[in-house]
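First the structure, in the form of structure tokens, and then the observations on it.
The values are calculated or read from the model by the stated rules, or taken from the named source; none is laboratory data. Nothing here was measured: the structure is a model prediction, and the numbers come from that model. Backbone-built Cβ (ideal geometry, glycine too); neighbour counts: all protein chains shown.
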Amino acid sequence: MSHQLIKFAAYGLLFVLGLGLTHTLTQEQLLEQNKERTARHASALKDYIQSEFGRYSTIVAFLSESTLVQQALKSAQEGNVADRYLSDVQQASGASDIYLLNAEGTVVASSNSHLPHSYKGNNFAFRPYFDRAMAGETVIDFALGQRSMRRGFYFSKAVDFVGGGRGVIALKVNASKFETDKARLDTGEKSHFALLDVNEVVLLSDNPDWQLRASKALSAKKQQQVAQSQQFLGQAINPLDWRWLSDQPQFDSQPSGQLITKQRRYLVSSSTLADTSYRLLMLSPIVPFNEVHAARLGLAMLLLLLLIVLIEYLSVKVAGYRQLLFSQRSLEEQVQERTQELEQAQDALIRATKLATIGQLSASVNHEINQPLSAMSAYVAACKRLLMRAEPDKAMENLQLIEQLIRRVHAIAAQLKSFSQKRPVKMQRISLQQSVQNALLVVGPELKKHHVSVQESGLEVPVWVDPYQFEQVLVNLLSNACQAMEHAQDKWLRLEASSKEGKVYLSIIDNGPGIDQHALSTIFEPFYTTKSEHGLGLGLSISKQIIESFQGNLSAHNHHDGGAEFLLSLHQQEPQL
Ligand code: ADP
């Protein structure tokens, strides 16, 4: 796979992951908000139903204490009076019917006595709320109306008639009242509620499809119990199409969960109504995608695109920078390589110059060595004769002279060797006088050969140099001077030194023809020479480099006496930078 393709695949992945993450996070956040909202709505509805239940229970309790109601248990006459009273209370309270049952369960007074479907005379002894109230319980029960088939809540309580006898006051409220009242509460447009009894049967719900159906299939035993209670008048209770995605919310331990119906998915909040066994479920639809999602995904898309552009921009920059670093490094390497090569070439040149100088001087050096050797042979012959003549004292004198000559030859050989050898540079403080002496050992024979007189002054000063390199410079300058004076009448050389403020100035002045004015600026350039034979034209350029490496200076002038003057400036000790 090409590099470009991998890059595009990575960007694609980043894009998809980014959008996926945004979607998931938004969904989680919206779900949290939804949970909170649903719990709030559930609590509002629960408060409302509880307060209504409380209100009707209070009315029933109040009626059970009413003398008028109690009297009605005594005679039909009193019952008629109670009819009107109960009708007034019914209208004022919003209940659908209020009626009084005697000890046999027969209705003796009823709020609907004046209507065609009057309960008066009917017997409701089979209703559980009757038995339970007769037993002294304050009852809230749910049942279907026998004739109306309407769902309703029955609030009942025993009525005790002074002087013996007990009856039951019952108040019925149509279930639809709560369902329509829900619409008035601000519990969310698309949300629904369901009030479940202990058997999970939906008694109340603003969704008509859910009414009188079980949130889960009833067991056979439960079905039998429900049928026996006549609570639903034998009506079959079918299970709802609810499928719980979580554990079904339990009473208060797990107040929320999720379920899915054929139409949609709901978030469910569950709570128990106080003083009853009813459970209230509030269901809010979970929307998989809405405008908040769309807006956030749009924003995420924009940010991801910006991020990709930024990454692309930075990677181009980084690539450029790396290329730059790379080329800089390779340049540095090249420079290092070249420097090394140059240093080697320079070393070779220095050696070549030295050898050339030795070559130029070899004749006179030969002479300088041959001369003592010849002298030594003469002394040896003389020694022999003196010994034969038994004159040992004189022979001893000759032997001492021979010894001196041997020392001199040694010194010349050693100086030549050290001059031609390659040595590591080692700066030190040495005597200028000593350096000049060493140089003269090499170049002295040549000067002598050409009858050059050498004058020295002020050389007793220290200089901070590498001794071997410095001697090479002196040999160069002295032998150049000697060569320049080849045709001069009176050949002399002056070496004059002076010191000032830690510096030493050495002038080497000859009596030659001097340097051509136009050549003054070029003589230090490599390969500039006026010598047709043996001249390399490197001596001065290397000498200048050497002196500069001592942080000194070498310059050339013409002396007012006529000859050339080479001026060296040197430090007396290591300069403090
Ligand atoms: P080379 O001696 O091989 O020519 P140098 O670099 O030592 O190389 O000298 C360069 C040139 O400078 C010489 O060829 C000569 O022309 C000039 N030169 C050097 N020393 C003197 C001097 N003392 N007097 C006059 N000319 C000189």
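Tabulated data for the structure shown
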{"quantity": "Residue in region 124-135 that is over 60 Å from the mean Cα position of the chain (by Cα), in a strand (DSSP E or B) and not small (Gly, Ala, Ser) present", "calculated": "no"}
{"quantity": "Odd one out for residue 492 among (1) within 12 Å of the ligand (Cβ to nearest atom); (2) hydrophobic (A, V, I, L, M, F, W, C); (3) farther than 30 Å from residue 428 by Cβ", "calculated": "(1)"}
{"quantity": "Restricting region 518-567 to residues that are exposed (fewer than 13 other Cβ atoms within 10 Å of the Cβ) and among the β-branched types (Val, Ile, Thr), the residue that is farthest from the ligand (Cβ to nearest atom)", "calculated": "522"}
{"quantity": "Residue within region 293-315 that is under 30 Å from residue 242 (Cβ atoms), part of a helix (DSSP H, G or I) and at pLDDT below 85 present", "calculated": "yes"}
{"quantity": "Number of the exception - residue 482 against (1) near the ligand (Cβ under 8 Å from one of its atoms); (2) part of a helix (DSSP H, G or I)", "calculated": "(1)"}
{"quantity": "Meets criteria (touching a residue at least 12 places away in the same chain (Cβ under 8 Å) and within 9 Å of the ligand (Cβ to nearest atom)) for residue 497", "calculated": "no"}
{"quantity": "Residues that are surrounded by fewer than 17 Cβ atoms within 10 Å (Cβ to Cβ) and in a helix (DSSP H, G or I), drawn from region 194-239", "calculated": "208, 209, 220, 221, 222, 223, 224, 225, 227, 228, 229"}
{"quantity": "Sole residue being under 17 Å from residue 455 (Cβ atoms) and of a type in the set (Ser, Thr, Tyr), chosen from 507, 479, 499", "calculated": "507"}
{"quantity": "Failed item, numbered, when residue 459 is tested on (1) over 21 Å from residue 572 (Cα atoms); (2) away from the ligand (no atom under 16 Å from the Cβ); (3) part of a loop (DSSP other than H, G, I, E, B)", "calculated": "(1)"}
